[in-house]
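Please read the structure below before turning to the comments.
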Amino acid sequence: MKSFKFLAMTIMISSLLAFAAACGNGEGSEGNSSENGSSEEAAQVEGEVGIDGSSTVAPIGEAVSEEFAMDNKDVKAPIGVSGTGGGFEKFVAGETDISQASRPIKDEEAQAAKEAGIEYTELQVAFDGLSVVVNKENDFIKELTVEDLKKIWVEDGKEKMWSDINPEWPKEKITLFSPGTDSGTYDYFDEVILNEEPVAKAATLSEDDNVLVKGVQSNKNAMGYFGYAYYLENKDTLKVVPIVNEEGKAVEPTNESVESGEYNPLSRPLYIYVNNASMKEKPQVAEYVKFYLENAGALAEEVGYVSLPEEKYTEQLKTIEGLK
């Protein structure tokens, strides 16, 4: 009898222990769920991404930030437009995580970054065809050579007249609108057209491409230049000028001519420069840059630029994975 009671008691205790263990596992499971929940919450990035630079690249950046915000509501990534040069100044001072640029970083800017201990990675995001435009009422310009552009835009101490470029054109003063000297677009034009000679003093310079667009729209004798996207956005009120390329063919900027390089010398790549430390230390920056490269092609086309070959984006995605 005593043996039976002992056996019964043993069975009861074993059952209770098994039940307790089961409950414990359940609680542990809930604990794991809680931990998993914490991991999921940790995956939801938050904070700010500091971005500044080129007004030419800005439409791509704005589209990226808008799309990124849909799934990352706790991340703020406003796009500053100090111009390529102004953006690099902030970047090498450690004030931003990403610098958007319409030209490669200059040697002196790279040296300033090195002295400040800023390590960075250059990433191409799209192609642009720098577009030379005139007023819609201009019916006499059919094409321009690089030499024509140089005559128009380089300061020579004289008032610029259309008839100075071609005797058959009107004897009327040319009104010029140019990106400001902090702009990568100006730097590129300076390199391939001005050959680093001073721009015409009478030209109106602005870092805001919309100011340039409105200037050309409002004056029948105006000429300006800016990124391809700004021309496309205003093509109903502006006239783009075909440029005679190195092969002697007059070519307009189009997606095809820009990507193929036929629109030379005014086609160029667009960039973002990423602070490597930000990629390692700020999850929101790493996620943003990854999203940028995954979507830059489609969004660049959407806002009027030309996407890179898909393999270029894939290659660069591998590069940034190594920065984390």
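The values are calculated or read from the model by the stated rules, or taken from the named source; none is laboratory data. Every value quoted in this text rests on a predicted model; they were computed, and no experiment measured them. Neighbour counts run over all protein chains shown; Cβ positions are idealised from the backbone, glycine included. We work out accessible area using only protein heavy atoms, side chains counted, and drop any ligands, DNA or RNA first. Shrake-Rupley method; radii C 1.70, N 1.55, O 1.52, S 1.80 Å.
Observations
- Projected area, mean over directions - the stretch 186-241, Cα convex hull, nm²: 4.1
- Highest mean first, the peptides 132-142, 74-84 sorted by other C-beta atoms within 10 Å per residue fall in the order 74-84, 132-142.
- Counting 0.36 nm for each residue step from SER260 to LYS150 and taking away their Cα separation leaves a gain of 37.2 nm.
- Note on the chain: antiparallel DSSP beta bridges, both residues inside, total approximately 65 percent of the bridges counted.
- Its convex hull of Cα atoms gives the stretch 154-216 a direction-averaged projected area, equal to a quarter of the hull surface, of 4.6 nm².
- log10 of Debye I(q)/I(0), alpha-carbon scatterers only, for the stretch 238-324 at 0.21, 0.22 Å⁻¹: -0.97, -1.03
- Protein heavy-atom surface of the chain, 1.4 angstrom probe: 49% of the accessible area is carbon and sulfur, with nucleic acids and ligands not counted.
- Histogram of C-alpha separations across the stretch 95-253, 10 Å bin width, %: 10, 37, 34, 13, 6, 1
- Ranking by accessible area, most exposed first, for SER183, SER218 with a 1.4 Å probe: SER218, SER183
- Extension gain from GLN44 to ALA116, taking 0.36 nm per residue of separation minus the Cα-Cα distance: 22.8 nm
- Straight-distance crosslink candidates among aspartates and glutamates, where the alpha carbon sits under 15 Å from LYS318 and sequence neighbours closer than 8 are dropped: GLU122, GLU287, GLU294, GLU310
- Reachable lysines, given that their alpha-carbon falls under 16 Å from the alpha-carbon of LYS76 and they are not under 8 places away in the same chain: LYS282, LYS290
- Rg over Rh [alpha-carbon atoms, Kirkwood Rh] for the stretch 211-284: 1.16
- Student exercise, the chain dipole from Lys, Arg, Asp, Glu Cβ charges, in Debye to nearest 20: 640
- Of the residues ALA296, PRO265, ILE174, the one whose Cα sits farthest toward the positive end of the charge dipole of the chain, with +1 on the Cβ of Lys and Arg and -1 on the Cβ of Asp and Glu, is ALA296.
- Cross-link reach is defined here as a Cα-Cα straight distance under 20 Å, omitting same-chain residues fewer than 8 places apart; for LYS158 the lysines meeting it are LYS150, LYS171, LYS173, LYS201.
- For the stretch 33-148, the Kirkwood radius over C-alpha pairs fed into Stokes-Einstein at 25 °C and 0.890 mPa s yields D = 143 µm² per second.
- Loop-located GluC sites (Glu not before Pro) in the stretch 154-227 whose Cβ has at most 16 other Cβ within 10 Å (DSSP): GLU155, GLU159, GLU168, GLU172, GLU196
- Probing with 1.4 Å while keeping every protein chain in the model, the per residue accessible area of the chain equals 50 Å².
- Cβ crowding within 10 Å averaged over residues, with 309-319, 59-69 ranked highest first: 59-69, 309-319
- Once the mean of 1/r is taken over each pair of separate Cα atoms and inverted, the chain shows a Kirkwood hydrodynamic radius of 22.6 Å.
- Filtered trypsin sites (Lys or Arg not before Pro), the stretch 143-183: DSSP coil and at most 11 other beta carbons within 10 Å: LYS158, LYS171
- Cα-centred dipole magnitude for the stretch 269-316, charges only on beta-carbon of K, R (+1) and D, E (-1), debye, nearest 20: 260
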